Amino acid sequence: MTEKNEDYPRILAIDTALGGCSVALWQNGAVVDLLQHDVTGQQSKMLVPMMEEILAKAGITYNDCTALACTIGPGSFTGIRIALTTARALSLVTTKPLIGVSTLEVIAHSSGIRGDVLAIIDAHREQFYVQRFRMIDEITPLSDALLVEEKMIPVLGHGAKKIQTIPNAGDVAALANEKWLSGEREFPIDPIYIREPDAKLPDNEELKCSV
């Protein structure tokens, strides 16, 4: 087992928000291991085995972690739900804090750019999730997360660097570490969907049938 510097948290981070599946272990101020599979539709089968593999390689257990971290959206409805459900369950069982971070904030933070940044996620159907941030000594949101058409991106991003990347769990861990070291201990753990899921339950009128 690698010795842990007590000045830094040990964070197990996961991300399935944008179609892939990644797990990272953060220790002593850096990502010490990262597992990543760019597959869609297999996250629910792969996530927990990947988490157990990364812990086994480090010679530690969930209880040896300071905290857990995961993206809470926006992104794929199914992907957000898989990671968040898994992380919530582990947090409950292990009593470890869960650091929920916005996918858009992770994208902005991982860019390393100082100044104004517009983080962008392709939401398909010719729409995009966007949010503006300012990064100086720390990252600060300047707007809410929005779902917009492409023509609105130049307007919302005027004067800002536009960033559209696919983050991984290592990026999630880096942002979670920064939040933890800042003294923050209350974290969002509710999903950010913005757009309604494609599959919906029928309403009462649709359930009615003639006799």
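Observations
- When the stretch 28-45 is filtered for residues that are over 17 Å from the mean Cα position of the chain (by Cα) and β-branched (Val, Ile, Thr), only 32 remains.
- Residue ID - farthest from residue 23 (Cα to Cα), chosen from residues in the stretch 35-85 that are surrounded by fewer than 21 Cβ atoms within 10 Å (Cβ to Cβ) and in contact with a Phe, Trp or Tyr (Cβ under 8 Å, 6 or more places away or on another chain): 77
- Boolean, residue 48 is in a helix (DSSP H, G or I), more than 12 Å from the chain's Cα centre (by Cα) and hydrophobic (A, V, I, L, M, F, W, C): yes
- Those helices (runs of 4 or more DSSP H) of the stretch 95-197 in which 1 or more residues are β-branched (Val, Ile, Thr) and surrounded by fewer than 14 Cβ atoms within 10 Å (Cβ to Cβ) occupy 153-156.
- In the set (1) in contact with a Ser or Thr (Cβ under 8 Å, 6 or more places away or on another chain); (2) modelled with pLDDT under 95; (3) surrounded by fewer than 16 Cβ atoms within 10 Å (Cβ to Cβ), residue 20 fails one condition alone, (3).
- Whichever residue in the stretch 47-94 is modelled with pLDDT under 95 and hydroxyl-bearing (Ser, Thr, Tyr) and, among such residues, is nearest to residue 119 (Cα to Cα): 76
- The set of residues from the stretch 128-148 being over 25 Å from residue 182 (Cα atoms) and touching a residue at least 24 places away in the same chain (Cβ under 8 Å) comprises 128, 129, 130, 146, 147.
- The number of residues in the stretch 54-76 that are assigned to a helix (DSSP H, G or I) and without any contact (Cβ under 8 Å) to a residue 24 or more places away in the chain comes to 1.
The values are calculated or read from the model by the stated rules, or taken from the named source; none is laboratory data. Given the structure is predicted, the values throughout are model-derived calculations rather than measurements. Cβ sites come from the backbone with ideal geometry, for glycine too, and all protein chains shown count toward neighbours.
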